[in-house]
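Okay, structure first, notes after.
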Amino acid sequence: MPAAVDNAFDVAFWFCDTALNNNEYLQPQKLQRLMFLAQGYHAAAHGGRRLMPAIFVASEMGPIEPHTYAAFAKGRPDIEVNLFMPEGVEPFLEGIWRRFGHISAERLTRMAKSTLAYKSARERGQRAEITIESMCLSFTRGDQTPDLNQVIRPRVLRTQTGRPVTVTAWAPAPIRKGA
């Protein structure tokens, strides 16, 4: 199953730009935890589908994606990224930011380290891969992290009378033969 975005740098730059727009400094550790949470919640919400084609490993400091971690270690790298996210990805990332963007790096690290996905990878050794299946399971259960419904909310708009309505993408009805 293909990932929702082309690479992990697109997501990393989205979080960095969002923090900048909110006049916040995004520490490299916090960026890594937000990316981990985004990957896990996306997998849980979309039947195991990855948000980004990235592998997270269980380091001593917490879950990291080694490529973006190395690239952002000394500041924002000068690389080209896609600033336009595929349909549905930006609202998803906005939900992650809304729920976790205000939380400190230390608290996000404690939260990420408490997931079963991280713990099982650490048991296998330093820098062991955190599988997408274990991330999906951890974030679906929501034992040590907020429930999926608290993070990913359906888009709700209001009618002209003020009644709330849930908005979904339009899909045409299938064409029936003989109709």
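Only the coordinates and a few stated rules stand behind these numbers; no lab work does. Just so it is clear, the model here is predicted, and its values are computed rather than measured. Please note: Cβ atoms are built from the backbone with ideal geometry, for glycine as well, and neighbour counts cover all protein chains shown.
Given labels modelled 7 Å from the Cα in the Cβ direction, how far is it in nm from ILE103 to PHE84?
That separation, rounded to one decimal, is 3.3 nm.
Using per-residue counts of other Cβ atoms within 10 Å, averaged over each peptide, order 27-37, 72-82, 11-21, 92-102 from highest down. Mind showing how you got there, number by number?
Values: 27-37: 22.8, 72-82: 11.4, 11-21: 19.2, 92-102: 17.2.
The packing order, highest mean first, is 27-37, 11-21, 92-102, 72-82.
Label ARG127 and LEU20 with points 7 Å out from Cα along Cα→Cβ: what is the distance between them in nm?
Here the answer is 3.0 nm between the modelled labels.
Report, ordered by chain and residue number, the aspartates and glutamates lying within cross-link reach of LYS119, taken as a straight Cα distance under 18 Å and ignoring same-chain residues fewer than 8 apart.
Result set, ordered by chain and number: GLU60, GLU65, GLU106, GLU129, GLU133, ASP143.
Only helical DSSP H runs with n ≥ 4 go in: add -39500 (n - 2.57) per run for the chain, normalise by residue count and round the 222 nm mean residue ellipticity to 500 deg cm²/dmol.
On the way: 8 runs with 83 residues, N = 179.
Per the formula, -14000 deg cm²/dmol.
So what's the Cα pair-distance distribution over the stretch 1-67, bin width 5 Å, in %?
Reading the bins upward from 0: 4, 18, 27, 25, 17, 9, 1, 0.
If you find the alpha carbon centre of the stretch 19-60 and of the stretch 106-140, how far apart are they in angstrom?
Result: 12 Å between the Cα centres.
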